[in-house]
1. Relative contact order of the chain, please, whole-number percent, based on alpha carbon pairs below 8 angstrom and at least 6 residues apart.
2. Show me, for segment 226-235, the HN-Hα J-couplings you get by feeding each phi into the Karplus relation (A = 6.51, B = -1.76, C = 1.60, θ = phi - 60°), rounded to Hz, glycine and proline as x.
3. Across the Cα atoms of segment 181-270, what radius of gyration and what greatest pairwise Cα-Cα distance (Dmax) are found, in Å?
4. Tell me, what are the semi-axes, in whole angstrom and largest first, of the equivalent ellipsoid of segment 232-281 as set by the roots of 5 times the Cα gyration tensor eigenvalues?
5. Beyond 17 Å, what share of the Cα-Cα pairs of segment 301-377 is found? Please give it as a whole percent.
6. So if I average 1/r over every pair of distinct C-alpha atoms in segment 50-145 and take the inverse, what Kirkwood radius in Å does that give?
7. Could you put L156, L35, L134, L314 in order, starting from the residue whose Cβ has the fewest other Cβ atoms within 10 Å?
8. So what is the 222 nm mean residue ellipticity for the chain from helices alone, if each DSSP H run of at least 4 adds -39500 (n - 2.57) and you divide by all residues, rounding to the nearest 500 deg cm²/dmol?
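Any read-out appearing in this document is the output of simple, stated calculations on the displayed coordinates, not a laboratory observation. Everything numeric in this text was worked out from a predicted model, so none of it was measured. As a convention, Cβ positions derive from the backbone with ideal geometry for all residues, glycine included, and neighbour counts pool all protein chains shown.
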Amino acid sequence: MSVSIDLTGAERPGNASPAAVQDRTSLLGLSRDALGARLRDIGVPDKQVRMRVGQLWHWLYVRGVTDFSVMANVSRDLRTALAERHEIARPEIVEEQISVDGTRKWLFRFPARGAGRPVEIETVYIPEEGRGTLCVSSQVGCTLTCTFCHTGTQRLVRNLTEGEIVGQILTARERLGDLPHADTPIGAIVPNEGRLVSNIVMMGMGEPLYNFDNVKEALAVASDGDGLALSRRRITLSTSGVVPMIPRTGEEMGVMLAISLHAVRDELRDVLVPINKKYPLEELLAACRAYPGLSNARRITFEYVMLKGVNDSLADARELVRLLKGIPAKINLIPFNPWPGTDYECSDWDQIERFADLVNDAGYASPIRTPRGRDIFAACGQLKSESERMKKADRLALAAAVAG
Ligand code: SF4
């Protein structure tokens, strides 16, 4: 049985009161240079800035604190000055759901920005043997309307800031007990081994390449060796195919690339992933062939959702192999995860296996992704903010149907 915990208003240090933090500037997600500029603004002398930035970085990203007052090696005057105009709070956790398979999904709420309203997004943690992957959102809603994706039915509200993206990682680590113990010595680093959040995928709500600058800043912070220290090889950015931004992703972010492919003919991809009308398959695959750093050790992952009678024929599989010729690639076959209101069905298991075998025989790794967290609607393509979602009773009924 899955578990759902309502954490609205729970007493926890990371829970930001939307009203309380609105007028302060968040320091989360800022680059070292931007953090230095903030320190200069509040009077820190130039010669001290580098050292102070290093201290803050440690408290924010190694220790994961949410309160300036616990930064023991920062002077009391500086802590007070920082707290007057800045905040380091993380999102409010509205709900935490835990699947029967251990997958966790959080509904996070961020304070209003400007004249806007508070916003809610979902973040998912998938534990696996020897690793744990956090699926992070980049936007509230999405402008793209991929027809198999639940998020695509929620209009775009706004981009998430770099701090809101980093805040998802820090809050997940805290909830999982993945932050160091309080008596960890100052100066300690985040160990490579034994981490619960060992991998990040920018594959949650939104198209990350439509929020390029904020995603880039956030991933630079996430991969900084003195902080969260997630290797860029353990960070994957998934795009529906924003072709002009693909070269910059490789050059400026240096992370692993995943493409939401889902169809091998333009007529069908125009329907499943409508951005294809703007950037058709030929242009998309040319950008993949030229992806900076592409090699057998740094393959591109192509995501392919298996839709019964739509894209799952063996002719589709053969065309997929032909299209990807010459691209070091891995193909993730994703059994379709149903959501309320969709007309699509998941391909039969036998057909998925035949499809996988054909692709595999052509020399491409083609794992069939085990559906995770279906009972809490945390699986691929199922994310949507609670505020836009169906009533809980309907959700439970559908979850029972999916499980049974
Ligand atoms: S698959 Fe990604 S890009 Fe397409 S609608 Fe869903 S969230 Fe947006």
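1. Computed over the chain, the figure is 15 percent.
2. Values, residue by residue: 8, x, 5, 6, 8, 4, 5, 6, 9, 10 Hz.
3. Taking only Cα atoms of segment 181-270, I get Rg and Dmax of 16.1, 59 Å.
4. In descending order, the three semi-axes are 23, 11, 6 Å.
5. Details: 1241 of 2926 pairs.
I get 42 percent for the Cα pairs in segment 301-377 exceeding 17 Å.
6. Working: mean 1/r = 0.0614 Å⁻¹.
Mean inverse Cα-Cα distance, inverted, gives 16.3 Å.
7. In order of increasing Cβ crowding within 10 Å: L314, L156, L35, L134.
8. Working: 11 runs with 113 residues, N = 404.
Taken over the chain, the calculation gives -8500 deg cm²/dmol.
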